Amino acid sequence: MNVTGPADAGNESSWTVPFGQWATKSTITLLTQHYYRGNGQSASSTATNLVTADPSLLNDLSNLSSGAKGIGLPYRMSECNSYYNGGSNGVSDAYCSSLWIVDFLFDCALNGCAGTNFHGGGNGDGYTPIADKGGAVVEARPEYYGILFFTLAGQGTLYSTSLSGIGSLNVTAYAVKTASGLNIVAVNKDSAQNLQLTIQLPQSAASATLLEMTQLQLSSGAMGPSLSATSGVTIQGASVAANGSFSPGTAYTLSSSGMQLTCYVPFLSAVLIQVT
């Protein structure tokens with residue numbers, strides 16, 4: 001029988017890691033932890049707050065990573081989502097969660113996390129990647145699009161990235177070396193400013209394409225995506241059907257110059273650049 005634990009929320013250094021040291025890997029096979037950004041019933045649990053970096057998350061992940069390595073065990077976020085108490089209505093079920101979850105998953109991966117389990121289910125307000133009713137899938141919610149986008153980045157070796165010249169823009173970037181090339185993800189969480197991104201590649205590119213995740217306003221006269229929109233999320237113009245089918249449009253072709261690549265990252269969007 002495989003036993004995991006302790007599935008604590010917080011207290012990584014004072015309880016989770018010491019628990020693993022006490023139990024030892026002969027007793028448990030996986031060190032587990034919970035994570036939520038904050039209380040879904042709090043007035044501070046806003047869309048803007050969700051897409052702003054959590055100052056404690058990276059420290060907590062680092063403590064879990066080093067602690068688990070010291071014990072010789074993998075660790076996993078066995079329960080997590082945006083805000084606890086079922087989430088924050090109009091936030092946890094909105095487009096901001098699509099962007100947040102991309103960053104969250106890359107943060108976990110960069111810190112050696114073995115995997116994540118997102119709490120959810122049902123068809124009410126608040127968080128769930130997949131809405132269901134009576135055992136049938138109703139729809140893919142905004143969170144699901146972020147998970148799917150992360151998955152499209154592929155499996156491989158994570159490269160370190162650095163950003164310069166972006167000023168106060170809320171932008172993050174990640175890189176994955178796969179069997180077929182290099183995949184780069186950029187997430188622009190600024191609510192108004194687009195980003196012209198120049199990428200310094202480790203080697204010259206033979207070809208490069210771009211996929212975009214964004215939100216399309218469904219109301220007339222609306223300009224651009226909205227963090228608080230609960231529908232209209234697409235990846236390369238495509239939505240995910242209730243049966244799971246997904247057919248994104250043809251990726252945009254990018255031109256490169258030697259070891260440099262330039263692309264456009266609209267505000268409130270994420271792009272996946274695939275370089276071969």
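The numbers here are math on the coordinates, done by the rules we state, and not lab data. Owing to the predicted nature of the structure, the values given are computational and were not obtained by experimental measurement. Here Cβ is always computed from backbone atoms with ideal geometry, including for glycine, and neighbour counts include all displayed protein chains.
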Open item on the list: Could you tell me how far the Cα centroid of segment 147-192 sits from the Cα centroid of segment 82-130, in Å?
Closed with: 18
- [ ] State the extension gain, in nm to one decimal, for the chain segment bounded by TYR252 and SER62, taking 0.36 nm per residue of separation less the distance between their alpha-carbons.
- [x] 64.8 nm
Task: Net charge of Cβ neighbours under 14 Å - reference LEU195; Lys, Arg +1; Asp, Glu -1 - done: -1
Task: Counting all C-alpha pairs of segment 113-216, share separated by more than 19 Å (%) - done: 58
TODO: Under a cut-off of 19 Å between alpha-carbon atoms, report the aspartates and glutamates in cross-link reach of LYS69, not counting same-chain residues fewer than 8 places apart.
DONE: ASP8, GLU12, ASP60, ASP107
- [ ] Using per-residue counts of other Cβ atoms within 10 Å, averaged over each peptide, order 91-102, 202-213 from highest down.
- [x] 91-102, 202-213
Task: Per-residue ³J(HN,Hα) for segment 184-195, Karplus 6.51 cos²θ - 1.76 cosθ + 1.60, θ = phi - 60°, Hz, x for Gly and Pro - done: 10, 10, 10, 10, 9, 9, 5, 7, 9, 9, 6, 10
- [ ] Pop a pseudo-label 7 angstrom from the Cα along the beta-carbon direction at both ALA114 and LYS25 and give the gap in nm to one decimal.
- [x] 1.0
Open item on the list: So, R0 is 51 Å and r is the distance between the beta-carbons of ALA43 and ALA136; what FRET efficiency does that work out to, to 0.05?
Closed with: 0.90
Task: Net charge dipole size for segment 1-89 [Lys, Arg +1 and Asp, Glu -1 on Cβ; Debye, nearest 20] - done: 180
Open item on the list: Step by step: find N for segment 4-152, compute 2.2 N^0.38 Å, then divide the Cα radius of gyration by it. What's the final number?
Closed with: 1.06
Open item on the list: If I measure Cβ to Cβ between cysteines in the chain, which ones have no partner under 4.7 Å?
Closed with: CYS80, CYS96, CYS263
Task: Antiparallel %, DSSP beta bridges [both residues in the chain], to 5 - done: 75
- [ ] Any lysines with Cα under 27 Å of the LYS189 Cα? List them, leaving off those in the same chain fewer than 8 positions away.
- [x] LYS177
Task: For segment 4-152, share of DSSP beta bridges that run antiparallel, in % to the nearest 5 - done: 20
Open item on the list: Under the rule of at least 5 residues apart or a separate chain, name every residue whose amide H is placed under 5 Å from the amide H of LEU216.
Closed with: VAL233, THR234
